[in-house]
Amino acid sequence: MTEAQKQSALAHFSVLIDEQDARAQAIAAQSDFVDYTKLDKLIIGVCGGDGIGPTITAESARVLEYLLAEDVSAGKVEFRVIDGLTIENRAACGKAIPDDVLAALKECHVILKGPTTTPQAGDGWPNIESANVAMRKALDLFANMRPVRVPEAGIDWTFFRENTEGAYAVGSRGVNVTDELALDFVVTTSEGTRRIARLAYEFARANGKERVSVVSKANVIKTTDGKFLNLAKEIGGEYPEITTDEWYIDILTAKLIDEKRRRDFRVFVLPNLYGDIITDEAAEFQGGVGTAGSANIGKRYAMFEAIHGSAPRMVREGRAQYADPCSMLRAAAMLLAHIGRTAGAAQLNEALDICMTHERKLVITGRDSGCTCREFGAYVCGTLEKLRA
Ligand code: IPM
Ligand code: MG
């Protein structure tokens with residue numbers, strides 16, 4: 001390594017430190033959650049995304065519009081379609097989120113977002129940051145809440161994944177110090193940890209969940225994970241009725257497969273990357289990532305999405321119309337709950353249980369052996385109509 005290489009890496013690191021320090025201060029200065037039920041008008045942004053995104057998002061928006069029809073005609077809710085969050089557009093302007101799209105998103109309160117293609121080195125797209133990750137940061141959506149339920153197996157889990165820090169905070173801005181030496185950075189802030197831990201414990205308290213598991217790898221990643229673990233446990237101390245336990249991510253990953261042990265888990269709070277990985281594993285017990293919704297929650301904004309990707313292969317093979325909207329529909333139910341429409345959220349979840357598991361009059365297979373996304377959406381709306389009759 002030359003002195004110049006070292007200085008250049010240090011200069012880069014110095015910029016990151018300043019940015020993260022500013023971010024930490026901004027979090028500490030933040031006001032409380034916006035109460036969406038008190039707004040004169042709530043704006044729901046609808047962003048189709050890439051691949052199968054527009055298909056499954058349009059269908060989920062249709063179901064939401066059905067459930068919110070009264071609010072829309074009373075002028076209390078407005079749906080706003082936001083175009084332009086496509087990989088072609090993002091590549092053309094070299095930004096994870098084009099400026100006009102970000103400005104439009106910021107005029108909404110909550111967003112229903114289809115999956116977006118994440119460029120990776122060698123795939124032909126410029127190597128820009130993931131639109132998901134960029135949106136979570138730009139709107140400060142610090143909590144990623146991902147429920148997984150398999151009642152017959154005793155599985156009732158809710159993951160609270162920290163969504164703006166950890167390995168993701170500057171995940172696209174590591175440094176190649178030399179051809180031989182690459183460094184990435186992991187970030188943990190005190191207030192960033194406290195706010196996600198508080199949300200997890202508040203959820204546990206409000207929903208009668210008796211256990212919160214704090215997950216980390218603090219035995220090895222001692223500084224950042226160590227901070228996360230200690231502060232999360234400290235917050236846990238404010239909730240004496242809830243049992244806090246600590247798990248390292250490796251053994252927790254194993255225990256989720258242990259049929260006897262896994263029934264004991266309820267709420268998890270964990271750093272970003274571990275949460276990313278383990279929620280895909282967890283969703284698999286429920287029928288795969290196609291069945292699980294994801295809420296990205298901040299104090300001012302919230303965004304709801306599928307936990308899976310944009311499935312470009314389905315589009316290439318001409319199968320987009322057979323895409324499964326269930327993950328987005330679960331996300332839509334989370335959106336309803338988040339804006340205080342809890343009855344509608346419960347109805348949608350019940351309708352989905354009927355359509356996906358109990359009745360299965362129409363089945364989605366991802367190809368022409370099953371029904372289309374549109375037909376499945378109509379099936380869900382028909383089921384809702386019966387439930388509401
Ligand atoms: C998720 C996804 C994203 C993530 C990708 C698409 C960047 O896997 O929402 O879990 O890593 O967070
Ligand atoms: Mg993931």
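The values are calculated or read from the model by the stated rules, or taken from the named source; none is laboratory data. Note that the structure is a prediction, hence the values are computed from the model and not measured. Cβ atoms come from the backbone with ideal geometry, glycine included; neighbour counts cover every protein chain shown. Just so you know, the surface numbers come from the protein's heavy atoms only, side chains and all, with ligands and any DNA or RNA stripped out. Shrake-Rupley method; radii C 1.70, N 1.55, O 1.52, S 1.80 Å.
What the Cβ-Cβ distance of Ala29 and Ala346 gives, at R0 = 41 Å and to the nearest 0.05, is a FRET efficiency of 0.70. Only one residue of Ile364, Phe304, Gly49 has its Cα farthest out toward the positive end of the dipole of the chain, where Lys and Arg carry +1 and Asp and Glu -1 on Cβ, and that residue is Ile364.
Using the Cα gyration tensor of the stretch 1-71, with a ≥ b ≥ c the square roots of its eigenvalues, what is the shape: rounded (a/c below 1.5), prolate (a/b larger than b/c) or oblate (neither)? Because a/c hits 1.5 or more and a/b fails to exceed b/c, the stretch 1-71 counts as oblate.
For the pair Arg367 and Glu317, the difference between a 0.36 nm per residue extended length and the Cα-Cα distance amounts to 17.0 nm.
Expressed as a whole percent, the accessible area of the stretch 1-61 that falls on carbon and sulfur atoms is 57 (1.4 Å probe). Averaging over all projection directions, the Cα-based convex hull of the chain occupies 20.6 nm² in the image plane. Taking Ser14, Ser190, Ser216 as the candidate residues, the one with maximal mean-square fluctuation in a Gaussian network model of the chain, Cα springs under 10 Å, is Ser14. Under 17 Å Cα to Cα from Lys95, which aspartates and glutamates show up? Leave out anything in the same chain fewer than 8 places away. Qualifying aspartates and glutamates at Cα under 17 Å: Asp50, Asp83, Asp123, Glu129. Each residue was assigned an accessible area with a 1.4 Å probe, and for Trp125 the value is about 90 Å². Computed over the chain with a Gaussian network model linking Cα atoms closer than 10 Å, the most mobile of Glu238, Glu202, Glu246 is Glu238.
For the set Val177, Val220, solvent exposure ranked by accessible area (probe 1.4 Å, protein chains only) runs largest to smallest as Val220, Val177. Remark: spin-label model distance Arg194-Glu359 equals 4.9 nm, labels positioned 7 Å along the Cα→Cβ axis. Placing unit charges on each Cβ (+1 for Lys and Arg, -1 for Asp and Glu) gives the chain a dipole about its Cα centre, and among Gly275, Ala333, Phe160 the Cα reaching farthest toward its positive end belongs to Ala333.
Remark: relative contact order (the chain) = 19 percent; criterion is Cα-Cα distance under 8 angstrom and separation of 6 or more residues. Using a probe of 1.4 Å on the protein chains alone, the accessible area found for Glu359 is around 80 Å².
In the context of the full protein assembly, His12 retains an accessible surface of approximately 60 Å², using a probe radius of 1.4 Å and ignoring ligands and nucleic acids. Apolar share of the accessible surface for the stretch 256-389: 50 percent from carbon plus sulfur atoms, 1.4 Å probe.
Accessible area per residue (1.4 Å probe, heavy atoms of protein chains only) ranks Tyr36, Tyr248, Tyr168 as Tyr248, Tyr168, Tyr36, with the largest value leading.
Taking all protein chains into account, the per residue accessible area for the stretch 1-44 stands at 69 Å² (1.4 Å probe). Accessible surface calculations at 1.4 Å, restricted to protein heavy atoms, place the stretch 148-211 at 44 Å² per residue.
Taking the Cα centre of the stretch 101-199 as reference, the dipole from Cβ charges on Lys and Arg (+1) and Asp and Glu (-1) amounts to some 480 debye. For the listed residue pairs Lys38/Lys299; Lys113/Lys217; Lys41/Lys106; Lys41/Lys299; Lys41/Lys386, the alpha carbons are over 20 angstrom apart in Lys113/Lys217; Lys41/Lys386.
Among the trypsin sites (Lys or Arg not before Pro) in the stretch 1-84, those located in a DSSP loop and surrounded by at most 15 other Cβ atoms within 10 Å of their own Cβ are Lys41, Lys76. Distance between the pseudo-spin-label points of Lys41 and Ala138 (7 Å out from Cα toward the beta carbon): 2.3 nm.
Excluding residues on the same chain fewer than 8 positions from Lys76, give the aspartates and glutamates whose Cα lies under 17 Å from its Cα. Output for Lys76: Asp35, Asp40, Glu65, Glu107.
Taking R0 as 35 Å, what's the FRET efficiency between Glu65 and Ser172 from their Cβ-Cβ distance, rounded to 0.05? It comes to 0.50.
Structural descriptor for the stretch 104-220: relative contact order 15 percent, calculated from alpha carbon pairs under 8 angstrom and at least 6 residues apart.
Gaussian network model of the chain, Cα springs within a sub-10 Å range: biggest mean-square fluctuation belongs to which of Ala351, Ala61, Ala22? Ranking Ala351, Ala61, Ala22 by mean-square fluctuation puts Ala22 first. Label reach from Arg374 (point 7 Å along Cα→C-beta): in the stretch 316-334, amide nitrogens under 18 Å belong to 318-326. Solvent exposure of the stretch 273-368, expressed per residue, is 40 Å² of accessible area, with all protein chains present and a 1.4 angstrom probe.
Extending 7 Å from Cα along the Cβ direction at Ala11 and again at Asp245 yields two label points whose distance is 5.2 nm.
Candidates Val148, Leu10, Met314 compared by Cα position along the dipole of the chain: farthest toward the positive end lies Val148, with charges placed on Cβ. Placing +1 on each Lys and Arg Cβ and -1 on each Asp and Glu Cβ, with no other charges, gives the chain a dipole about its Cα centre of roughly 600 debye.
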